[in-house]
Amino acid sequence: MEGNNITIDLVTLDVKSMDGWKEFQDGKDFTDYCNRGDYVSEDVYDYFLNILPPVTSINGYLQAGGEIMTAFNEKKNRYEGVYLTFVSTNMKGIYSFCGCCFKGQIEDVRVYRGYKSINDFLNSTYRNKFGFSDIRPVVKCKDGFEFSVQVGANYYSNPRLDGDSICYTSCEVGYPTKKEELLIPYIEEEDEDPTNTIYPYTPVDVIDKVIKKHGGFYVVVCK
């Protein structure tokens, strides 16, 4: 892994393959077999590289030809195609599945759906890589407000654990797109730029209030 002195046992690494997909398939599509953040073998990458002319293929970044669906891109104010997207890793012959993304992007649009609460979001977006939890996607609200919410051993959360069924009482919030008064009592340093700092141990009920204030969780409209 880039930036870490971690020895990876490739024998025990969970890598999705064409053989695994065929065994699993039984009429189901690739997105049923492979989740955002999963690792895939080179035969999967080659399959999607060659089955149709790719939308994008450059420097280990692949978007397979043939849109999975169309979704509303709020940044461009229009519906656009969404594609299976893969990126290379620093492990030879192993790629990471980003999910279903707009052209040129690595953000899975399926992440952005209606959640009941921030705990629901955190449990639903949990992914494990090499025994470490993956960074959660940015929380997006319907009015365009965005911020980071992270939990686990490396973050100021309670509990400082990570998983897909944990009930958190507080989380590490960070880097909101604008100053949010509900978060200010939890800012790490009072003289910091409120959009460029973290908010340790922010109670989940406060986070839920912030999301509600900004219209609720942003939901990608697909068709």
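To make sure I understand, if each residue's beta carbon is the centre and we count other beta carbons within 10 Å, what order do Arg160, Arg78 fall in, fewest to most?
Result, fewest neighbours first: Arg78, Arg160.
Of Ser57, Ser124, how do they rank once you tally other Cβ atoms within 10 Å and put the fewest first?
Ordered from fewest to most neighbouring Cβ atoms within 10 Å, Ser57, Ser124 come out as Ser124, Ser57.
The range 139-179 to the range 27-94: how many Å between their Cα centroids?
For the range 139-179 versus the range 27-94, the Cα centre distance is 27 Å.
Along the principal axes of its C-alpha atoms, what lengths does the chain span, in descending order and rounded to whole Å?
53, 44, 32
Show that you can apply the helix-only estimate: for the chain, add -39,500 (n - 2.57) for every DSSP H stretch of four or more residues, divide by all residues, and state [θ] at 222 nm to the nearest 500.
-4500 deg cm²/dmol
Let me know the Kirkwood hydrodynamic radius for the range 21-131, please, with Cα pairs as the basis and the value in Å to one decimal.
By the Kirkwood definition, the hydrodynamic radius is 15.0 Å.
Work out the length of the dipole vector of the range 118-213 about its Cα centre, built from +1 on the beta-carbon of each Lys and Arg and -1 on the beta-carbon of each Asp and Glu, and round it to the nearest 20 debye.
For the range 118-213, the charge dipole is close to 460 debye.
Arrange the following residues from fewest to most other Cβ atoms within 10 Å of their Cβ: Val221, Val82.
With the fewest neighbours first, Val221, Val82 line up as Val221, Val82.
Please list, or write none, the lysines whose alpha carbon is within less than 18 Å of the alpha carbon of Lys16, excluding same-chain residues fewer than 8 places away.
Lys28, Lys92, Lys129
Along each of its three principal axes, how wide is the spread of alpha-carbon positions in the range 131-223, in whole angstrom units, largest first?
Between the extreme Cα coordinates on each principal axis of the range 131-223 lie 40, 35, 20 Å.
Can you tell me the dipole magnitude for the chain around its Cα centre, using point charges on the Cβ only (Lys, Arg +1; Asp, Glu -1), in Debye to the nearest 20?
Details: 24 positive and 34 negative charges, 157 e Å.
Dipole about the Cα centre, nearest 20: 760 debye.
Since every read-out is calculated from the coordinates, none of them should be taken as a lab result. In this text, all values refer to a predicted model and were calculated from it rather than measured experimentally. Positions of Cβ are generated from backbone atoms using ideal geometry, with glycine treated the same way; all protein chains shown enter the neighbour counts.
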